[in-house]
Every structure is written in structure tokens, then in C-alpha cells.
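To keep things clear, I will list the structure first and then write my remarks on it.
Nothing in this text is a laboratory measurement; each read-out follows from the coordinates by a stated rule. Keep in mind that this is a model prediction, so the values were computed, not measured. Here the Cβ is made from the backbone with ideal geometry for all residues, glycine too, and neighbour counts use every protein chain on show.
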Amino acid sequence: MGEQSEPPVLVEHDGHVAIVTLNRPRAMNAVNRALATAVGEALEQAQADSDVRAVVVTGAGRGFCAGADLKEMASGQDSYVPGHRDWDFAGLVRHWLDKPVVAAVNGFALGGGTEIVLACDLVVIDEDAALGLPEVGRGLMAAAGGLIRLQRQVPFKVAAEVALTGEPVCAARAYELGLVNRVASAGTALTEAVALAQRIASNAPLAVQETKRMLHRAAHAGSDWGDAAWSLNESSMEVVLGSDDAAEGARAFVERRAPHWSGR
């Protein structure tokens, strides 16, 4: 069965976790328009589904994502989603989700693959996988957020070396730099990523969403002693404290039982 007959993305659910699998294994999950569209639509569905509390993104076959489909680029085709240029590369790198997104890097994730990883909230990587931004060696630049996000996630000089040399970063080095949360035994990144996502999903959904939102807002709100950051913090806390889940969490603690979250 050829790739033409296979869906470019597979979506399945494990409890409250949606698993989105890039499904072009013969092309190392390189991103074309069909894949980007399917990813963007899958994320929209996850955002709208109140039963989904976290998302895992991974790749089919032996690689996570080889980046943009250079064959399609060479033929003059772009990989952006029609009507959703705001989602940017892979339908993901500028596609905000309230729910945490975990990357399960099951093989090398180069170029746009690394940019997808950088856009995710948490990352689990196979011990034999690698990240990297090799665009300069192809006459390109890491314009899908790589040059924006990398220097915010690692020291500037490290980011400069990765981006300017184009050399890959092994899993152990990525963990050392704080680019990934966990290094998994070969072949187990998806299992560990789903377990991590399920741990997140066991918490109060609204509190998790406001926590994610606050983490991202605070990163650009100036000094942690300044009024801007604390004003954002107070706004998020008002939402959380006014929720049914906050009351349920307190009741469950007093009654020594597991909470039953409503997401409200």
C-alpha cells in the first residue's frame, strides 16, 4: 500500500491523552501541505474536545520528522495550511493550544523536526535520537521558530553553535542543555511521553491550562518583582480559584479521596 493511500496523520486516544502521529514514514515524516493540514486539524479537534487534557506528538517509523519536504519545496510547492498561515510550519509551530503538548521524539528530528520539538511544552526523546538545525548547510535558515525559540531555551552561545554549524545534538547533550525533559531507552519515547501526559492529565484541567498560559506569559512579562507579571498571575489565579475544580480539590483532600474533575 503506497503512501498516497495512507492518512498523513494518525490520531488515537489513550484516556484523556490524544496521540497525534506524523504518518509519512517513507519520507521520514517530512512535512508537506497534506501533513501540515492534518496536524493542524488534529490539534483543533484536541483543543475543542473537553475530554482531551494533553496531547502527544510523535512520528511513525524510525524517525520523528526530517523537517520540510525538500522535494516539494524544489517543485515550488509550499507546506502551509490554506487559510491558516497563522499556524505556520507543520500546522503546529504557531498553533496555540491551552492543553499541554508533549513531543515523543522516536528518532532523529532535524530542521523543522527540531522546530516542532521546540514548540512543544515538554519533550521525551529516545536515547539514540538527535536534534539539530542543519538549514544553513542547505542554503536556508531555521525560520519556523528555531532561531526564535532555541536561544530562549538554551544559552545564547550554545544556540549560536547549533544554528550556525548545523551539527546534530545527541539525546544526552539535549538533556544536559535542558532541551528535553527525559531520555528514554531506545524505542520507548512514546510510551514514556504518554505516561508523562497522563500524569499531567490526572490534574485539574482548568488549573493545568491556566498554569501553562501563565508560564508562557510570565516568560515575557519582565522582572519577577514587577507589576506586569503579578497582574497576569492574579488574573489567572482568579480564574482558577473561581472554578468548580478548585472547590472539588479541597473537598477531595478533606474527604481523603481522589478528586473528580469537571474542567469547570
>> Using the basic label-point model (7 angstrom from Cα toward the beta carbon), what is the Asp98 to Val158 distance in nanometres?
In response: 3.3
> Dipole of the chain (Lys/Arg Cβ +1, Asp/Glu Cβ -1, origin at the Cα centre): which of Cys65, His16, Gln45 lies farthest to the positive side?
Replying inline: Cys65
>> Students often forget the sequence filter, so: which aspartates and glutamates lie under 12 Å Cα-Cα from Lys99 once same-chain residues fewer than 8 apart are removed?
In response: Glu44, Asp49, Asp51, Asp121, Glu210
>> Mean-square fluctuation check for the chain, GNM, Cα pairs under 10 Å: which of Gly146, Gly178, Gly112 is largest?
In response: Gly178
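For the range 3-201, with only Lys/Arg (+1) and Asp/Glu (-1) charged at the beta-carbon, what is the dipole magnitude about the Cα centre, in debye rounded to 20?
With Lys and Arg at +1 and Asp and Glu at -1, about 360 debye.
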>> Students often get this wrong: which residues of the range 170-198 have the backbone nitrogen under 13 Å from the point 7 angstrom along Cα-to-C-beta of Asp128?
In response: 185-189
>> Residues of the range 137-157 with backbone nitrogen within less than 20 Å of a virtual label 7 Å along the Cα-to-Cβ line of Leu70, please, listed as ranges.
In response: 137-147
> Which of Val254, Val169, Val57 moves most in a GNM of the chain, Cα contacts under 10 Å?
Replying inline: Val254
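Pull out the extension gain between Gln47 and Gln77, defined as 0.36 nm times the separation in residues minus the alpha carbon to alpha carbon distance; nm, one decimal.
The Gln47-Gln77 span can extend by a further 7.9 nm.
If packing is taken as the average count of other Cβ atoms within 10 Å, what order do 215-228, 79-92, 154-167 fall into, highest mean first?
For the peptides 215-228, 79-92, 154-167, the packing ranking is 79-92, 154-167, 215-228.
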>> I'd like the per residue volume of the convex hull spanned by the Cα atoms of the range 127-200, given in cubic angstrom.
In response: 104
> Want the number for Ile148 to Glu238: 0.36 nm per residue separation, take away the alpha-carbon distance, what's left?
Replying inline: 29.3 nm
> Top mean-square fluctuation among Ala42, Ala34, Ala189, Gaussian network model of the chain, C-alpha springs under 10 Å?
Replying inline: Ala34
> With each pseudo-label sitting 7 Å past Cα toward Cβ, what's the Arg85-Thr211 distance in nm, one decimal?
Replying inline: 3.8
>> Tell me which of Gly112, Leu140, Ala189 sits at the most positive position along the dipole axis of the range 3-201, charges placed on C-beta atoms (Lys, Arg +1; Asp, Glu -1).
In response: Leu140
